[in-house]
Amino acid sequence: YARRADFASMQAGDSLVLLGATEGAFGASIFLREILGREEGAPPPVDLALERRTGDFVRGQIQAGAVRACHDLSDGGLAAALAEMCLASGVGCRVRLEGPPWIALFAEDQARYLLALKDPAPLLDAARAAGVPAAVLGTAEGGAIAVEGALDLPLDELRAAHEGWMPAFMGEEPA
């Protein structure tokens, strides 16, 4: 492949676009296990035709050079993808979500991707034509993950927790 998109290439000013529909799948999810302490429910149903259509769309947009950074939404949902993209790229984000934030942030519905790109308009038009749900969530900016009405987490604090967990578990003093 001549082009690729990792999740460390997001830049300040990029638009953040969510591809795919969020129905609220929580069965066998990280949220259910880690936050609620329960291991139950079936994982989200898999629609192979939808997975292929969405994956082909994403791959086509990357090959066309429209996408700067891309992360699939799987374990941990949108929250995990935002955290990983922001930490890897070194830039925060400001997003606005529809509906209850915990559903939008932690649901593990299938065939969803988080994209960072300079101009979302052509991608939104192409997604509509391809029958792939797409919505602009916000922008890459600042030094925190800011979700309107739900969260304002400085990247420094997130990085310290993320990178300091293993040393703390092993009994090492923080650096």
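The values are calculated or read from the model by the stated rules, or taken from the named source; none is laboratory data. All figures in this text were calculated on a predicted structure; none of them were measured in a lab. Because the Cβ atoms are built from the backbone with ideal geometry, glycine has one as well, and the counts that use them run over all protein chains shown. Remember, those area values only see protein heavy atoms, side chains included, never the ligands or the DNA or RNA. Shrake-Rupley method; radii C 1.70, N 1.55, O 1.52, S 1.80 Å.
Of note:
- Residue within region 90-103 that is open to solvent by less than 60 Å² (accessible area, probe 1.4 Å), in contact with a Lys or Arg (Cβ under 9 Å, 6 or more places away or on another chain), on the phi < 0 side of the Ramachandran plot and part of a helix (DSSP H, G or I) present: no
- Some residue of region 20-34 being surrounded by 12 or more Cβ atoms within 10 Å (Cβ to Cβ) and without any contact (Cβ under 8 Å) to a residue 12 or more places away in the chain: yes
- Residue tally, condition outside any loop (DSSP other than H, G, I, E, B) and under 13 Å from the mean Cα position of the chain (by Cα), over region 53-88: 16
- Restricting attention to region 88-143, the residues that are touching a helix residue (DSSP H, G or I) at 6+ places or on another chain (Cβ under 6 Å) and over 21 Å from F7 (Cβ atoms) total 1.
- Restricted to strands (runs of 3 or more DSSP E) entirely inside region 116-170, those with at least 2 residues that are open to solvent by 40 Å² or more (accessible area, probe 1.4 Å) and more than 20 Å from G20 (Cα to Cα) are 151-154.
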